[in-house]
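Here is the structure we will look at.
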Amino acid sequence: MLEVVDLECVRGERRLFQGLNFTLDKGELLYVHGPNGSGKTTLLRTLCGLALPEAGEIRWRGQNIRRLGEDYHREMAYVGHLNGVKDELTAFENLQVVGQLAGVSDSGERAVAALRRMGLSACVELPGKALSQGQKRRAALARLLLAPMALWIMDEPFNALDVKAVEMIQTMLSEHLDGGGMVVLTTHQEVEIINRRARHIHLGS
Amino acid sequence: MWAALRCVVMRDLTLAMRRRADVLTTLFFFVIVVSLFPLGVGPDMNTLRLMGPGVVWVAALLASMLSLGRLFSADYSDGTLEQMVLAPQPLAVLVLGKIAAHWLVSGVPLVLIAPLLGVQYGLSAQALEILVVTLLLGTPVLSLIGAVGAALTLGLRGGGVLVSLLVLPLYIPVLIFGAGAVEAGVTGLGAEAHLSLLGAFLVPALIFAPWATGWALKISME
């Protein structure tokens, strides 16, 4: 499904990694490990098409993601360091915009359902600036529930989350994997998702 | 595609309504710059009448420049721009939506208030009419060209100054034909030729600027 062939990434003048190969199939989870500055975020941004690799290729269902463009984006969701929650819009409006852009027809209902699932029922009508860091993170993660995406790419998803929310995300991840989804994630926290098909990549070693 | 365009326009208009101070600063800047000239030059009606259209147009260029910084920078720093680039929609369409909203918020108010300011310069009703039409045709071009510059300088230190160096020279043709149309109309030469040229700037800008802006945004995001 997701194939990475001989990937090389460079940041500034420094080569972060080269000759990276892996494949990710339905229902598989990929952990990206590595110390600070080893290129985890760059790898994730390259995987979702935000950054260009120096060499190598990323293929989705056998085709280069550059060529697929929007067709790839329709099946991929990215939660980065930035939450992508606007301070001036309410939590609901924030999610509704994402849903509409993703082409979801009943984006309003789905937005409410996603917020409720993330334990933000009380914050639906609150503006982004009234949310705490953890609540913003939850709202960012609620994006994953708006439309069925096959591949989730998550950069430090557990940052700022409390224990209960971490458990919630773990459940969400295993449900997604059980349903044939794929996940690529980085985390410094010791979070174990019960899944036999978890793979690991160590960068910077 | 149309749904996505409408969604982005509505989103940016909502944001502008909740940050009204930003919108008003552009408008007040325009009003103040235009009003400073009669105070500085003196009350000689013939001089003022001659320079009126030019002053209004230069002020419109500067006001439009001033508002460019807001076009992408807020979305860039909170990560919503990243999400837009990754949305399963043509980026040029989303960018066009953002530019359209930017024009509605920062261009249209200038067009509406310009006749009132023109009165300070003793412009005739005919001249004011042409001035409004030129601004209506010209300000969208300013927003479209400006968007390319704003996208290219996104995330750079001192991007505000850089964007003016990049964009102001490109505004020159719009300025020449915008201010020239009023002049030509008043002297009886007819403003049609100038207005057609302004229209001729608008069409290619409308087609190419969103595409170029999307491309520039992708480069800036890397």
Legend entry - Subset of segment B:14-39 [buried (at least 16 other Cβ atoms within 10 Å of the Cβ), out of contact with any Pro (no Cβ under 8 Å at 6 or more places or on another chain) and among the aliphatic types (A, V, I, L, M)]: B:LEU15, B:ALA16, B:VAL31, B:VAL33, B:VAL34
Legend entry - The listed residue being at pLDDT below 95, under 20 Å from B:ALA209 (Cα atoms) and within 14 Å of another protein chain (Cβ to nearest Cβ), out of B:VAL163, B:VAL105, B:VAL95, B:VAL167: B:VAL105
Legend entry - Test for A:LYS129: is it buried (at least 21 other Cβ atoms within 10 Å of the Cβ) and either out of contact with any Lys or Arg (no Cβ under 8 Å at 6 or more places or on another chain) or farther than 30 Å from B:MET1 by Cβ (or both): no
Legend entry - Segments classed as helices (runs of 4 or more DSSP H), wholly inside segment A:94-205, with at least 3 members that are closer than 16 Å to A:LEU44 by Cβ and of a type in the set (Gly, Ala, Ser): none
Legend entry - Verdict on A:LEU20 being at negative phi, in contact with a Gly (Cβ under 9 Å, 6 or more places away or on another chain) and outside any loop (DSSP other than H, G, I, E, B): yes
Inset, instruction - Among the candidates B:LEU116, B:LEU81, single out the residue that is within 14 Å of chain A (Cβ to nearest Cβ) and assigned to a helix (DSSP H, G or I). - result: B:LEU81
Inset, instruction - Confirm whether B:SER73 is of a type in the set (Ser, Thr, Tyr), away from every other protein chain (no Cβ under 14 Å) and in a helix (DSSP H, G or I). - result: no
Legend entry - Every pair of residues 6+ apart whose Cβ atoms lie under 6 Å, when the first sits in segment B:4-15 and is more than 7 Å from every other protein chain (Cβ to nearest Cβ) while the second is of a type in the set (Val, Ile, Thr): B:LEU5/B:VAL93
Inset, instruction - Spot the failing condition for A:ALA114; the list is (1) buried (at least 20 other Cβ atoms within 10 Å of the Cβ); (2) in contact (Cβ under 8 Å) with a residue 40 or more places away in the chain; (3) away from every other protein chain (no Cβ under 14 Å); (4) out of contact with any strand residue (DSSP E or B) (no Cβ under 8 Å at 6 or more places or on another chain), and only one is missed. - result: (2)
Legend entry - Which numbered condition B:VAL111 fails, given (1) within 14 Å of chain A (Cβ to nearest Cβ); (2) buried (at least 18 other Cβ atoms within 10 Å of the Cβ); (3) under 21 Å from B:SER143 (Cα atoms): (1)
Legend entry - Tally of residues being out of contact with any strand residue (DSSP E or B) (no Cβ under 9 Å at 6 or more places or on another chain), within 9 Å of chain B (Cβ to nearest Cβ) and either assigned to a strand (DSSP E or B) or under 21 Å from A:VAL183 (Cβ atoms) (or both) across segment A:54-83: 4
Inset, instruction - Give me the pairs, please: first residue somewhere in segment A:144-160 and more than 29 Å from A:SER105 (Cβ to Cβ) and free of Cβ contacts under 8 Å to residues at least 60 places away in the same chain, second residue anywhere and basic (Lys, Arg) and in a helix (DSSP H, G or I), beta-carbon distance under 6 Å, and either six or more positions apart or on two chains. - result: A:ALA160/A:ARG137
Legend entry - Number of the condition not met by A:VAL97 [criteria: (1) β-branched (Val, Ile, Thr); (2) at pLDDT below 90; (3) within 20 Å of the chain's Cα centre (by Cα)]: (2)
Inset, instruction - Looking for whichever is in a loop (DSSP other than H, G, I, E, B), touching a helix residue (DSSP H, G or I) at 6+ places or on another chain (Cβ under 8 Å) and over 17 Å from B:SER64 (Cβ atoms) here; the options are B:LEU195, B:LEU154. Which one fits? - result: B:LEU154
Inset, instruction - Would you confirm whether any residue within segment A:134-142 is of a type in the set (A, V, I, L, M, F, W, C), away from chain B (no Cβ under 12 Å) and over 26 Å from B:ARG6 (Cβ atoms)? - result: yes
Inset, instruction - Quick one: count up the residues across segment A:85-100 that are surrounded by fewer than 24 Cβ atoms within 10 Å (Cβ to Cβ) and over 16 Å from A:GLU125 (Cβ atoms). - result: 2
Legend entry - Number of the condition not met by B:THR134 [criteria: (1) surrounded by fewer than 16 Cβ atoms within 10 Å (Cβ to Cβ); (2) over 29 Å from A:GLY69 (Cβ atoms)]: (1)
Legend entry - Candidate set: segment B:16-29, residues that are part of a helix (DSSP H, G or I) and facing chain A (nearest Cβ under 10 Å); chosen: the one farthest from the chain's Cα centre (by Cα): B:ARG18
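The values are calculated or read from the model by the stated rules, or taken from the named source; none is laboratory data. Just so you know, these numbers come straight off a predicted model, no measurement behind them. When we count neighbours, we look across all protein chains shown, and the Cβ atoms used for this are built from the backbone with ideal geometry, even at glycine.
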